[in-house]
Amino acid sequence: MTSLPLAHFALPIALLAAATPASVRAAPALSQAPVPPAFLKTENIAVPGKLVKAARIEDATGEHLLVVSLRAGPSAADNATPARVERYDFFASLYTRKASRWARAWLIEDVNDCPTLDSEGQFFPKYITVTDLDQNGIAEVTVPYKFFCGGGVDSSTLKVIMRQGAQKFAARGQTLVGANTESAFGGELVFDPALSLRQNAVFKAHLQSIRDKVYIEH
């Protein structure tokens, strides 16, 4: 009997790749790099307020720009104090390259409008993260920030928002005041119900980790 060479039975590499389920193939590597304000201006990307962070991201869905900014100024309320900073507007946008232009894929927007009272607002740029926790090749962007509106010593509202394409997850609560003392207060934390699902456990753990880094008032 004439034996056939092993190569006779081998499928072409391209056919093997095509036959491999998409879930088994390695996801494209995620990359990111900071970009200067001048680049945003060249690309006609508007920045409302003061730029907090800007990054260029590449993932399985294409090339993106993350732009995070904070605008602080007077309130437009009837009882506002003229020329006093009483309003903070938070913006985080992801733009996706479409041919020769950038189209906004999503926007995280929030406002702290606090006339007559003490007010503050800030992002935590060190903990604005770009990850691929579920290893599907699509970037997750996590943005933590806090704001305060009150007339005395009180905790701030704290939010940690994650976006992955059309999906949005959040951990919301209060900062902790007087940590390690008997008079400590605040520190509450509530997760979106969707984060209780098994497939979202890795996202919940990440949001918890970010929150734990920023929730204590110093």
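Report whether or not residue 169 is assigned to a helix (DSSP H, G or I) and either buried (at least 20 other Cβ atoms within 10 Å of the Cβ) or touching a residue at least 60 places away in the same chain (Cβ under 8 Å) (or both).
no
Name the pairs whose Cβ atoms lie under 7 Å apart, with the first residue in segment 204-218 and farther than 16 Å from residue 141 by Cβ, the second surrounded by fewer than 15 Cβ atoms within 10 Å (Cβ to Cβ), and 6 or more positions between them or separate chains?
216/179
Would you please name the residue that is surrounded by the fewest Cβ atoms within 10 Å (Cβ to Cβ), looking only at residues in segment 151-166 that are over 19 Å from the mean Cα position of the chain (by Cα) and not polar (S, T, N, Q)?
That would be 152.
Please go through (1) within 19 Å of residue 206 (Cα to Cα); (2) of a type in the set (Lys, Arg); (3) surrounded by fewer than 20 Cβ atoms within 10 Å (Cβ to Cβ) for residue 101 and return the number of the only condition it doesn't satisfy.
Of the numbered conditions (1) within 19 Å of residue 206 (Cα to Cα); (2) of a type in the set (Lys, Arg); (3) surrounded by fewer than 20 Cβ atoms within 10 Å (Cβ to Cβ), the odd one out for residue 101 is (1).
Which condition breaks for residue 185 when tested against (1) surrounded by 13 or more Cβ atoms within 10 Å (Cβ to Cβ); (2) closer than 23 Å to residue 57 by Cβ?
Looking at each condition in turn, residue 185 falls short on (2).
Filter segment 124-146 down to the residues that are crowded, with 22+ Cβ neighbours inside 10 Å and among the hydrophobic types (A, V, I, L, M, F, W, C), then identify the one that is farthest from residue 201 (Cα to Cα).
Among those that are crowded, with 22+ Cβ neighbours inside 10 Å and among the hydrophobic types (A, V, I, L, M, F, W, C), it is 143.
Considering only segment 202-216, state which residues are more than 20 Å from residue 121 (Cα to Cα) and exposed (fewer than 13 other Cβ atoms within 10 Å of the Cβ).
If the condition is that a residue be more than 20 Å from residue 121 (Cα to Cα) and exposed (fewer than 13 other Cβ atoms within 10 Å of the Cβ), then 205 is the only one that fits.
If you take the residues in segment 83-97 that are of a type in the set (A, V, I, L, M) and part of a loop (DSSP other than H, G, I, E, B), which one is nearest to residue 141 (Cα to Cα)?
85
Consider residue 75 carefully, then state whether it is in contact with a Lys or Arg (Cβ under 9 Å, 6 or more places away or on another chain) and outside any strand (DSSP E or B).
yes
Of the residues 155, 183, 100, which single one is of a type outside the set (Phe, Trp, Tyr) and within 30 Å of residue 77 (Cβ to Cβ)?
None of the other options fit; the residue is 155.
Scan segment 107-142 residue by residue and report those that are assigned to a loop (DSSP other than H, G, I, E, B), in contact with a strand residue (DSSP E or B) (Cβ under 9 Å, 6 or more places away or on another chain) and not aliphatic (A, V, I, L, M).
114, 115, 124, 132, 134, 136, 137
Does any residue of segment 143-153 turn out to be in a strand (DSSP E or B), modelled with pLDDT of 95 or more, within 19 Å of residue 211 (Cβ to Cβ) and among the β-branched types (Val, Ile, Thr)?
Yes, because at least one residue in segment 143-153 is in a strand (DSSP E or B), modelled with pLDDT of 95 or more, within 19 Å of residue 211 (Cβ to Cβ) and among the β-branched types (Val, Ile, Thr).
Quick check on my filter: what residues within segment 175-215 are among the aromatic types (Phe, Trp, Tyr) and assigned to a loop (DSSP other than H, G, I, E, B)?
215
The values are calculated or read from the model by the stated rules, or taken from the named source; none is laboratory data. Just so you know, these numbers come straight off a predicted model, no measurement behind them. When we count neighbours, we look across all protein chains shown, and the Cβ atoms used for this are built from the backbone with ideal geometry, even at glycine.
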